[in-house]
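Notes follow once the structure below has been shown.
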Amino acid sequence: MSFFIRKNQRGAKRSNGAAVTGRPKTYKEKKRLAHDDEISSHSEGENDDSRVYTESEEDEETVQEKRLRLTKEYIQEIENQERMRREEQDIDKSVIAHRLKEDLLEQSGRLRRTVADSYEKIDEALIRHLHCKDHKQPITCLTISPDCQSLFTASKDCTIVKWCLVDFKKSAVIKRVDKKTSSEVKGHKSVVQSLSISSDGKFLASGDLDNQIHIWDPITMKWMHTFRGHRAGITGLVFRRGTHTLYSASMDRTVKIWNLDEMSYVETLLGHQDAITSIDALNKERAITAGGRDNSLRVWKIPEESQLIFNGHQGSIDCVRLINEDHFVSCGDDGMLSLWGSQKKKPLCSVAGAHGMDASNNQAFWISSVAALTNTDLIASGSQDGFIRLWKCGDNFRTLTPLLSVPICGFVNSLAFSSDGKMLIAGLGQEHRLGRWWRNGSAKNEIVIIPLKQRETS
């Protein structure tokens, strides 16, 4: 009995196991199960990890291509920027090299820029005339600030006026000081014959016929110091470029050197036989002077304690200006305009009667002032013939060719080019700055600003 019970139980277990495992008993069941297996295998294939990995791998590859493209674009942009930076550096280096070369040539006196032919005809409608009540008498001298923003003028009424070259208005005045006024009040008591400003714009020097040199702050126009030592009136002042060394020329026939860093006297140069009428200097430690009626020009080599003497004018030499370290231009009452080289004692070129002949006395017009655009071939001259004339210096400074002329009225007592070559400024008067031999009543005591325009180079 127990045997059958155990047997039935085992069969029940097997029957249950068959139900669980789904073992096929007939052909139809086998066929159905086989079909289900195929469907199941397809379903499993759709969810197969390897297939999912393959499809995701294809999607990932597209992203990588995009990243690769963006990376290449970024690298290309960096390369372009680096190339532009190198090009800019090359340009900057070339500009710096060009500037250094120019500075070296300028210091050695070999810098040459040919600009005279590039200037256009002057439009007279653009010429400005500056007047003020502080300059009631003839203008005697002027100087332009290194940045070309300010102009300083002086006149026979003992005043100094500062002008703004942006709006062309008067910005400050140093008035005349009465001789009975206390010495605490600073100013000039006699005619101011010379002005000069340092190349960094820190000092303005003015000299008068009372033998005094006053130093002013060009910005505030406040007094800073007074030099005394000359025994006659001051006729010329100039700063050595790039320094605070001041050279002064006087009617006492001497040149004195002053150090403005220490506000002290340095030394005196002797040699001229008559009153010195003009002085100029550039970068080198040397100065050039005109000796008036001793008919000589002198180049003072200060470190060597020597001087070079040049002769060629037939009368008083009233003005001299350096074109560069090796060449200079002079003029005088003989009506001659002369070009010089430091290696020759005689003029390289002279133009007799450069401003024509005076019909009243059949003599050449007295040339009272000259100016030179430094290190170029352009110079200007002024007289009382009614014109300011511009000239071109030829090759090796062997010729002088008339270039342009500007009609004016009066004595041209002072001329100066702005450092950028865009202006020529003249100080005019009814009388000559050195005396009262003639008087032109129809002229005005004024400052004339002549704009200069260069043609654009293609």
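The values are calculated or read from the model by the stated rules, or taken from the named source; none is laboratory data. Source: prediction; values computed, not measured. Quick reminder, even Gly has a Cβ in these numbers, built from the backbone with ideal geometry, and neighbours come from all protein chains shown. We work out accessible area using only protein heavy atoms, side chains counted, and drop any ligands, DNA or RNA first. Shrake-Rupley method; radii C 1.70, N 1.55, O 1.52, S 1.80 Å.
If R0 equals 51 Å, the separation of the Cβ atoms of T71 and K345 corresponds to a calculated FRET efficiency of about 0.10. In this rough spin-label picture, where each label sits 7 Å from Cα along the Cβ direction, the D326-L126 distance is 3.4 nm. Computed from label points 7 Å out along Cα-Cβ, the spacing between Q137 and R228 is 2.2 nm. Taking the Cβ-Cβ separation of R112 and A352 as r and a Förster radius of 25 Å, what is the calculated FRET efficiency to the nearest 0.05? In this case the efficiency is close to 0.40. Note on the stretch 151-240: Cα-Cα pairs beyond 20 Å make up 29% of the total pair count. Exposure check, 1.4 Å probe, all protein chains in place: H313 carries approximately 10 Å² of accessible surface. What residues from the stretch 348-391 fall in the zone where the backbone N is under 11 Å from a label point 7 Å along the Cα-to-C-beta line of Q454? The answer is 376-377. Take the convex hull of the alpha carbons in the stretch 230-353; its mean projected area over all directions comes to 7.0 nm². Taking a point 7 Å out from the Cα of S419 in the direction of its Cβ, the residues of the stretch 322-354 whose backbone N falls within less than 19 Å of it are 322-325. Each Lys and Arg Cβ is given +1 and each Asp and Glu Cβ -1; about its Cα centre, the stretch 309-458 then shows a dipole of about 20 debye. Which entries in K169/K256; K156/K344; K175/K444 show an alpha-carbon gap greater than 31 Å? Violating the 31 Å Cα-Cα cut-off are K169/K256; K156/K344.
Atom-type composition of the exposed protein surface of the stretch 236-361 places 45 percent of the accessible area on carbon and sulfur (1.4 angstrom probe).
On a 26 Å Cα-Cα criterion, which of the cross-link pairs K136/K453; K202/K284; K346/K392 come out too long? If you can, show how the numbers build up before the last one.
On the way: K136/K453 31 Å; K202/K284 20 Å; K346/K392 20 Å.
In this structure, K136/K453 lie more than 26 Å apart at Cα.
Annotation: per residue accessible area for the stretch 352-399 equals 37 Å², rounded to a whole number [probe 1.4 Å, protein chains only].
When the chain is fully extended, how far beyond the present Cα-Cα distance does C409 get from D200, taking 0.36 nm per residue of separation?
Numbers: separation 209, 0.36 × 209 = 75.24 nm, distance 3.40 nm.
Net length gain for the segment: 71.8 nm.
Each Lys and Arg Cβ is given +1 and each Asp and Glu Cβ -1; about its Cα centre, the stretch 268-363 then shows a dipole of about 240 debye. For the stretch 374-458, the carbon plus sulfur part of the accessible surface works out to 46%, probe radius 1.4 Å.
In this simple spin-label approximation, D178 and E305 carry label points 7 Å from Cα along the Cα→Cβ vector, and these lie 4.9 nm apart.
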